[in-house]
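The values are calculated or read from the model by the stated rules, or taken from the named source; none is laboratory data. Everything quoted here is computed from the prediction, not taken from an experiment. In this analysis, Cβ positions are derived from the backbone assuming ideal geometry, glycine residues included, and neighbour counts consider all displayed protein chains.
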Amino acid sequence: MTKRLIIVFWVGISCLSLLAQESTQEQDSLYNNQMVELMEVVVKGYFPNTRLKGNALVTRIEGTDLATTGTVGEMLIKVPGMTGSEDAPEVLGKGSPLIYINGRLMRDDSELKRLRSEDIRDVEVINNPGAQYDATVRAVVRIRTIKQQGEGLGVDLTLTSEQDLRYGFNRPSGKLGLNYRINSVDVFGSVYYFHQDYRQYSDLEEITKTNKIFRQNGPYTMTWKNNQLTYTAGVNWQISDNHSVGLRADLTHYLGGTNMVIYDEDVFENGALIDHLYSEQTSKESKPLGLLTNTYYSGIVGKLSIDFNFDFMKSEINTDRENIETSLINDDFVLSKSGSNSHLYATKLVLSYPVWKGKIEGGTEMTFAKRHNTYWIDKASIANTDADITENNIAAFAEYSLDFERYGQASVGLRYEHTLYDYDDQTNNDFLHRSMDEFFPTAAYSVTIGNVNAGLSYSIKTNRPSFFAMNDAVTYISRYSMQAGNSQLLNERLRDLTLNVSWRWLAFTATYERCKNAITQWSFITDDDAALIKHINLDKPIKTYSVFVSATPRMGIWSLNATAGVAKQDFFLDIEGPDGTRRDYYNKPMYTLNAFNTFSLRHNWRFDINFMFRSRGHMQNFYCDCDNIKLGFVAQKSFLKDNALTIKASVLDVLQRNHFNEYADMGYYQIQQNNRYSTHKFVLSLNYRFNTTRSKYKGTGAGKDAQQRMKN
C-alpha cells in the first residue's frame, strides 16, 4: 500500500511538472523580473528561484510562495537542497548545518520558530564550505533578511498551540519581539516562552550473548517535560557606512524539567523466561541561568574589510536520577546524580583584500573551552567520576578566489588547527593529554555555460566527539545494560568531493565522502555478564555516495518544491562474537522523496500539501528497517493592511507513519528498537506584526563547534 501511494504521488507530480514546463513564460513565476533603469533605457532580466553561485545553491524567498510558509524552520525544509524537520533542518547528504542570519551565527535553535519567512530575502545552502569555517562544519546555510525601512518602535507577536491528536497533550509557545530604531542606533529585544512535552513510545528487544544468551523484550516509553524562557537583548550602532559595532546577549531561563524512562520487559535466559523486569527511571534537571554574549565590529578601511567577533558562553546542568527496579528475582533501588558546568571564550577575525582579479581572505579563530563533569551512584560496582575536561583550539586560515570571467571562478584555501585536549579524573586517577596539529585544504571551481551553472568542490573535514562521548563515567540503565563514553576517542577525518549543477528550475548534487575513524557505539561484556555500550572509532573507513535532484516548477496557482535522491554506503565490518568472527555489510541504500505543493488563491488564502518520504537503509553500522512517511495539510489566511495578521491551521503526520525502527549488531550485543513519535498534531498559530523593522545586527559569532558540543 505504501509503495503504491508513493508511485501514484510521484507520477502525479511528474505530470504536473511537464505541464508546468509547457506553460507560457508569462505564467512561469520561477523568474524574477528585475527592472534596471539607465539613461531612459529599461533592461529586463530573469533569474530563477534557485540558482547556483559557486558551490552554493541560492534560493530566492521574497516574492515567492516560500515567503508565506510561516516560521523559518517550516520554510527551510522546503528549500531545494534541504530536508529534515522544522525543529532540526538538514542539508541533504551532509546533516545539520551551521545557520547564519544576516551574517550572525544562530546560537539558539528556537530562532527557527521565532523568525518569520515573510522577512527572508534569500537562502544560501553551501554543501561543501571553505577554509573560513571550522573544520567540523560540513554544511552552512546563510539566511539574508529583507532590508526594512523606517524608524520607531516595531512589535512582533506570535502565539502557537500544538495539540497532539494521538496522546492528547498540548505544547503552547509564544514570542514577543520589540525593535526600536532611531538614526544610526538600533535597540532590539525579545522574550520567548516554550512548553516542551516530548514523548516517545518504543518496542525494545536486546540480546546479550556471553556464555549464556540473555534476551529482553517489551515496551519502552520516554516522556520529557520542561518550561523554558529565552531572553534576547542587543544594540547595534551604525557609526558610518563603513563601520558598525554591536553587542548581543542571550539568556536562557530554564524553569525545571522532568524526564521519565520506563522499561517493562520479559527476560529470557537460553530461551527460558527467568524474570520480568520493570524499571522506572525519573530524572529531574535544574539549570542556572545560561548566558551567551557576542560582541562584534564590522568595517572597511580603504580596500581592507574587517570582521571581528568575541563570544562568551556559560552553562550548567544538574541531574538527580532515581531508578526503581522490580523483578521476580530481586528488587532494586538506585540513586545517582550527575552535573556539568561549562565555560567558553572564543574570538574570530576575518580580513579580506582584493588582489589582482580576485580576493584574498584570511584570519584566525581561537576557542578556549573548559567543562567539569561529576557523576555519583550508590552502587559499588560502578565508579564515580569527578573530571575536568579542557579543550583549546587555535586556527588560522587563508583562501584566495580568482575570477577568470567567462572561463569560470576558482578558489583554493588552507586551514590550520592546533587542538590541545586534557582529561583529568581525580577520582579514578585517569589522565589524558592529547595535542594535535591538523591541516585542512579546500578547493573549488565553478563555471557558467549558457543556462547551465556547474561547480566542483573538494575539502578535508573533521568531526570531534562531544564532551559527553568522551566522558568515561558509566551510566546505569538496568542490571543487564550500562552506557559509557570514551576519553580515548580520535577525531573523524572526512574527505568530501561535491558536484553541483543547475539549469532553470532544476538542480543536481552528487557527493562522494570517505570517513576515517568514524565514531559509533559498540558493546563490551562486564564481569557481571551485563552489556556495556561505549563510544568507539571504527577501524574501517566508511565510503558514502549520494545523488539528489531538486525541481521547483510552477503552473498557475500551483507551485512545487520537490527533491528526490539516494545515499548509499560502501562499508563492512568483521564482527567478533561468541560464535566466532563473521563479516557484515552495511550497504543498503536510503532513498529520499520530498514534495511540497502550494496552492495560492485570491484574497490571501493559501493551502499546502506536504509529503516527505525516507526509505529503509543503512547509516554507519545501524540499519533503519522501516519506511518513514510524513503527510501534512496546511491552510492559512492573512488579514488587515499589509497582511499584518496571519492565522494558520495545520494537521501534521496525517497517516501516522512517522516511524523510525533501528537495528544494530554490536557483536556480543544486538538491539532492535521500534519508535513512534508524538507528531500527529493539530497546530494553530497567530502572528501579528506592527511597524516591524529588521535589526541591523551583524555579529557572526565564534567557536560554534565547541559551543554545540558542550550542549551534548
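Structure summary
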quantity: Every pair of residues 6+ apart whose Cβ atoms lie under 7 Å, when the first sits in the range 99-125 and is at negative phi and at pLDDT 80 or above while the second is small (G, A, S) and assigned to a loop (DSSP other than H, G, I, E, B); calculated: S117/G70; V125/G81
quantity: Single condition E322 does not satisfy, out of (1) closer than 30 Å to S352 by Cβ; (2) touching a residue at least 12 places away in the same chain (Cβ under 8 Å); calculated: (1)
quantity: Answer from A410, A387, A444, A395 - the residue that is among the aliphatic types (A, V, I, L, M), buried (at least 17 other Cβ atoms within 10 Å of the Cβ) and out of contact with any Phe, Trp or Tyr (no Cβ under 7 Å at 6 or more places or on another chain); calculated: A444
quantity: Qualifying position, being of a type outside the set (D, E), surrounded by 18 or more Cβ atoms within 10 Å (Cβ to Cβ), outside any loop (DSSP other than H, G, I, E, B) and within 20 Å of the chain's Cα centre (by Cα), among V123, V137; calculated: V123
quantity: Among (1) at pLDDT 95 or above; (2) within 27 Å of E206 (Cα to Cα); (3) more than 21 Å from the chain's Cα centre (by Cα), the one test that F607 misses; calculated: (2)
quantity: Criterion: without any contact (Cβ under 8 Å) to a residue 40 or more places away in the chain and acidic (D, E) - qualifying residue of D584, D539, D627, D528; calculated: D539
quantity: Residues that are not in a strand (DSSP E or B) and not aromatic (F, W, Y), drawn from the range 169-194; calculated: N183, S184
quantity: In the range 625-673, the residues that are in a strand (DSSP E or B) and either in contact with an Asp or Glu (Cβ under 6 Å, 6 or more places away or on another chain) or of a type in the set (S, T, Y) (or both); calculated: K630, V634, S638, T646, S650, N661, Y663, Y669, I671, Q672, Q673
quantity: Odd one out for V125 among (1) out of contact with any Gly (no Cβ under 8 Å at 6 or more places or on another chain); (2) more than 26 Å from L686 (Cβ to Cβ); (3) among the aliphatic types (A, V, I, L, M); calculated: (1)
quantity: Filter result for the condition that a residue is under 22 Å from V245 (Cβ atoms) and over 27 Å from the mean Cα position of the chain (by Cα), over V155, V185; calculated: V185
quantity: Among (1) touching a residue at least 40 places away in the same chain (Cβ under 8 Å); (2) closer than 30 Å to K357 by Cα - the single one N294 does not satisfy; calculated: (2)
quantity: Residues satisfying the stated conditions in the range 184-201, i.e. surrounded by fewer than 15 Cβ atoms within 10 Å (Cβ to Cβ) and closer than 30 Å to H680 by Cβ; calculated: Q196, Y198
quantity: Condition check for R181: in contact (Cβ under 8 Å) with a residue 24 or more places away in the chain and crowded, with 18+ Cβ neighbours inside 10 Å; calculated: yes
quantity: Strands (runs of 3 or more DSSP E) fully within the range 365-452 counting 2 or more residues that are over 28 Å from the mean Cα position of the chain (by Cα) and free of Cβ contacts under 8 Å to residues at least 40 places away in the same chain; calculated: 409-425, 430-449
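Here is a yes/no grid of residues against (1) closer than 30 Å to V412 by Cβ; (2) touching a Ser or Thr at 6+ places or on another chain (Cβ under 8 Å); (3) of a type in the set (V, I, T):
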{"site": "D108", "(1), (2), (3)": "no, yes, no"}
{"site": "V123", "(1), (2), (3)": "yes, yes, yes"}
{"site": "Q132", "(1), (2), (3)": "yes, no, no"}
{"site": "A135", "(1), (2), (3)": "yes, yes, no"}
{"site": "R138", "(1), (2), (3)": "yes, no, no"}
{"site": "R144", "(1), (2), (3)": "yes, no, no"}
{"site": "T160", "(1), (2), (3)": "no, yes, yes"}
{"site": "Q163", "(1), (2), (3)": "no, no, no"}
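Let's see how each residue does on (1) buried (at least 18 other Cβ atoms within 10 Å of the Cβ); (2) modelled with pLDDT under 95; (3) over 24 Å from the mean Cα position of the chain (by Cα); (4) not charged (D, E, K, R):
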residue: L573; (1), (2), (3), (4): yes, yes, yes, yes
residue: Y585; (1), (2), (3), (4): no, yes, yes, yes
residue: L593; (1), (2), (3), (4): yes, no, no, yes
residue: H603; (1), (2), (3), (4): no, yes, yes, yes
residue: S650; (1), (2), (3), (4): yes, no, no, yes
residue: R657; (1), (2), (3), (4): yes, yes, no, no
residue: F660; (1), (2), (3), (4): no, yes, no, yes
